[in-house]
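Structure first, commentary second.
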Amino acid sequence: MWFRFYTNENLTTELVETLRQLGHDVLTSYEAGNANQGIPDDQVLTTATAEGRAVLTFNRDDFLAL
């Protein structure tokens, strides 16, 4: 089973590459043109959801309320 992820800029490229090697579909915020722009977390979640992706981040606390 594979998953579709949307990752923000705090995940390492090594982790992203490992997930891809395992067969997961990973779109990074850099690739989406959304990195380092201060995009609100609710908009990040909306973008990921619209593309059928789960947000993968180390900022867990920022997304709990959403």
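Numbers for the structure displayed
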| quantity | calculated |
| --- | --- |
| Backbone N under 20 Å from the residue 4 label point (7 Å along Cα→Cβ), restricted to the stretch 36-66 | 42-57 |
| Highest average packing first - 32-41, 45-54, Cβ atoms within 10 Å | 45-54, 32-41 |
| Positive dipole terminus of the chain, leading residue within 23, 44, 7 (C-beta point charges) | 23 |
| Accessible area (Å², per residue) of the chain, counting only protein heavy atoms and a probe of 1.4 Å | 67 |
| Three-way shape call for the chain based on the alpha-carbon gyration tensor, with the a/c threshold at 1.5 | prolate |
| Over the chain: helical MRE at 222 nm, DSSP H runs n ≥ 4 each giving -39500 (n - 2.57), nearest 500 | -9500 deg cm²/dmol |
| Charged-residue dipole, Cβ positions (Lys, Arg, Asp, Glu), the chain about Cα centre, Debye nearest 20 | 180 |
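The values are calculated or read from the model by the stated rules, or taken from the named source; none is laboratory data. Bear in mind the structure is a predicted one, so any value in this text is a computation, not a measurement. Backbone-built Cβ (ideal geometry, glycine too); neighbour counts: all protein chains shown. Keep in mind that these areas ignore ligands, DNA and RNA; they rest on the heavy atoms of the full protein, side chains included. Shrake-Rupley method; radii C 1.70, N 1.55, O 1.52, S 1.80 Å.
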